[in-house]
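See below for the structure under consideration.
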Amino acid sequence: MTLAPTPRPRQSQRLAMTPQLRQAIGLLKLDNRALSDALRKAEKTNPCISLRRPVAGVITDQVPAAPDDLTAHIAQQIRLAFDRDDEMSIAYALLEALEPWGWLGASVDTIAQGIGKAPQQVDAILKHMQSFEPTGVFARSLSECLALQADELGLLDPLMRDLLDHLDMIAAGEMDALARKCGCTRKDISTRLAALRGLDPKPGLQLAAAPPPPAAPDLLVTGTPDGWHVSLNAATLTEIEILPGLDAQSRRDAEQLNRAVARRNATALTVARQIVAYQAGYLDGAAHLVPVTLSQLAAATGKHESTVSRVTAALTVQTPRSVLSLRTLMGRGLRGIGAKGAAIPVARFESRLSALIKAENPNQPISDAQLARALAAEGIGAQRRTVAKYRAALGFPPAHKRRQASGSK
């Protein structure tokens, strides 16, 4: 008998991930903005693809012009304030040492040594730049920052200077000792403290870059006489136009991409419309979302759970109440008990859990296990550890600590 290895034919079936399938799956994971970016890349490499850019719609993603940041604002003032090259070199060295909140982040001696200038020269330029806007920039301490602003407002009298020299005593609440030290009354101190509270300890943040606006939603939900209507947001949607070309393969690739985008858009609408149908009560004003699972959506739409998962994770929707991700609009829930076993909204679970704890006998607090049994009697299924997690999130301590707190009263 020969034991040497020999080749044998074998047949088997397996799912092949074709390039077209990979492309379709990849598009499902993209929101409208990312999809537009992907199409622009395809346009650069395929001569048969021409894109029609998003048109103005109900909601656009235009970004308003951001105000100048602190560095640009100070640089502009430097160009207006100084003419000589040596002065400007010192001024720009000071600008490099400026912290985002507007204070000078290095000592005059350190800056002077770094640029090979005398400290007196740097200090003279610094004094000039401390008059720049916003008032208080280039201060070397909190007291100097507030003093610059108080001086601008005509508030820097001798008593105000004394108070700014003793901010540590103000922070410690030593008002009587401070009044004796400054030779004034507490009322005098209170009057000036009220003025100090109106000053800005971090003036540079007035010119901090504005945060980017939120991205425009991918889908829109609008009310109609026939119910809630779901549509793609045309203001964020790029469309493909196929151009004639000599390269047959490029045209086939363009047509395939166009079909994949159309399927992606149709799938997004199908899933979103089903979610909105489940959440019609919430959109009409109900307090809680109805918990919807991926398996429920898959069964209702005829899509695979993985397809539904990709769509709901990627897309956002503008509803009359707020902009939400599709996954958020699905709601969260806990399993129910009984024949139907319907999911229970988390908000309802938290409300009942809070009510049970508040209604307990303070001398005999209910344990997490007892709370779980009480909720189960109402048709809300939750393990003891789940009850413990939500109890802690609601701010209620464990039963033994609630008992101790009750006994100490």
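Considering the values [x] 33.5, 114; [y] 22.1, 64; [z] 24.8, 88, which represents Rg and Dmax of the Cα atoms in Å as calculated for the structure under consideration?
[x]
With the dipole of the chain worked out from charges on the C-beta (+1 for Lys and Arg, -1 for Asp and Glu) around the Cα centre, which of 228, 404, 306 lies farthest toward the positive end?
306
R0 = 35 Å: FRET efficiency of residue 299 with residue 321, Cβ-based, nearest 0.05?
Efficiency, from the Cβ-Cβ distance: 0.85.
What's the local net charge at residue 361, with K and R +1, D and E -1, over the other residues with C-beta under 12 Å away?
+2
Each label point is 7 Å from the Cα along the Cα-to-Cβ direction; what then is the distance between the points at residue 176 and residue 306, in nm?
7.6
Please give the FRET efficiency for residue 21 paired with residue 156, using the beta carbon to beta carbon distance and R0 = 51 Å, rounded to the nearest 0.05.
The pair residue 21/residue 156 has a calculated efficiency of 0.10.
Between residue 378 and residue 37, what length in nm is gained on full extension when 0.36 nm per residue of separation is reduced by their alpha carbon distance?
This chain segment gains 117.7 nm when fully extended.
Mind pulling the angle between the C-alpha long axis of helix 70-81 and the longest principal axis of the chain? Nearest 10 degrees, somewhere in 0 to 90.
40
Taking Cα atoms, how many degrees apart are the long axis of helix 248-278 and the longest axis of the chain, rounded to 10 and kept between 0 and 90?
Taking the Cα atoms of the chain, the angle to 248-278 is about 80 degrees.
Most mobile of 180, 40, 321 per a Gaussian network model of the chain (Cα springs, under 10 Å)?
180
Using a Gaussian network model of the chain whose springs link C-alpha atoms within less than 10 Å, name the residue from 150, 254, 24 with the highest mean-square fluctuation.
150
Would you mind telling me which residue in 269, 148, 297 has the biggest mean-square fluctuation in a Gaussian network model of the chain, where springs connect alpha carbons within a distance under 10 angstrom?
Result: 148 has the largest fluctuation of those listed.
Pull out the extension gain between residue 255 and residue 348, defined as 0.36 nm times the separation in residues minus the alpha carbon to alpha carbon distance; nm, one decimal.
28.6 nm
Kindly write out, for the stretch 189-203 in residue order, the coupling ³J(HN,Hα) from the Karplus curve 6.51 cos²θ - 1.76 cosθ + 1.60 (θ = phi - 60°), rounded to whole Hz, with x marking Gly and Pro.
5, 4, 4, 6, 5, 4, 5, 5, 5, x, 8, 10, x, 10, x
What 222 nm value per residue comes from the helices of the chain, counting each DSSP H run with n ≥ 4 as -39,500 (n - 2.57) and dividing by all residues, nearest 500 deg cm²/dmol?
-15000 deg cm²/dmol
Among 115, 146, 193, whose Cα lies farthest out toward the positive end of the dipole of the stretch 70-207, if unit charges sit on the beta carbon of Lys, Arg (+1) and Asp, Glu (-1)?
After comparing all options, I get 193.
Under a 5 Å amide H to amide H cut-off, with H placed in plane at 1.01 Å, what residues pair with residue 239 once short-range neighbours are removed?
Hits under the 5 Å cutoff: 52.
Once amide H atoms are placed 1.01 Å from N in the peptide plane, what residues at a sequence separation of 5 or more from residue 325, or on another chain, have their amide H within under 5 Å of its amide H?
Counting only residues 5 or more places away or on other chains, the set is 317.
Give me the angle, in degrees from 0 to 90, between the Cα long axis of helix 305-314 and the longest principal axis of the Cα atoms of the chain, rounded to the nearest 10.
Helix 305-314 and the main axis of the chain meet at about 20 degrees.
Bear in mind these aren't lab numbers, they're just calculated from the coordinates by the rules spelled out. In this text, all values refer to a predicted model and were calculated from it rather than measured experimentally. A quick note on method: Cβ atoms are made from the backbone with ideal geometry, for glycine too, and the neighbour counts reach across all protein chains shown.
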